[in-house]
Amino acid sequence: MTTILDPTDERTPIRRTLTPRPEAITGTVALLDISKPRGDVLIDRLQERLAERLPGVTFKRYRKPTFTKPAPDELVRTIVAEADLVVEALAD
């Protein structure tokens, strides 16, 4: 089992299990920019590299209004409705 550390309180680790990885990546991949500086640059490059390795996969870009708060519920619902997999990118 993999241990995931929660940076908000390491005194009492939360036990979590990882979601199983799919056999293959197909359909639509959401690329979520959390609005940190240069996050768009990272996602541009990530999309280029993934597109080279995953022909036939569609990519959709999304952006949080601010990195200081969780994604708004409406944005989360949109991503869930439109994508099969999400990649969230952080950069500075």
**Study point:** Whether the stretch 42-92 is rounded, prolate or oblate, judged on the alpha carbon gyration tensor where a/c under 1.5 counts as rounded
**Key:** oblate
Review point. Which Cα, out of T66, A51, V80, lies furthest along the positive dipole direction of the stretch 41-82 (beta carbon charges, K/R +1, D/E -1)?
Key: T66
Revision key, fill the gap. Taking protein heavy atoms only, a 1.4 Å probe, and rounding to whole percent, the accessible area of the stretch 37-92 owed to carbon and sulfur comes out at 53
Study note, to complete from the structure: D33 neighbourhood, Cβ < 12 Å, K/R = +1, D/E = -1, net charge +3
Point to revise | Computed accessible area, F67, all protein chains, 1.4 angstrom probe, square angstrom | key: 100
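The values are calculated or read from the model by the stated rules, or taken from the named source; none is laboratory data. Note that the structure is predicted; figures quoted are calculated from it, not measured. Positions of Cβ are backbone-derived with ideal geometry, glycine not excepted, and every protein chain shown enters the neighbour counts. Surface areas here come from the heavy atoms of the whole protein model, side chains and all, with no ligands, DNA or RNA. Shrake-Rupley method; radii C 1.70, N 1.55, O 1.52, S 1.80 Å.
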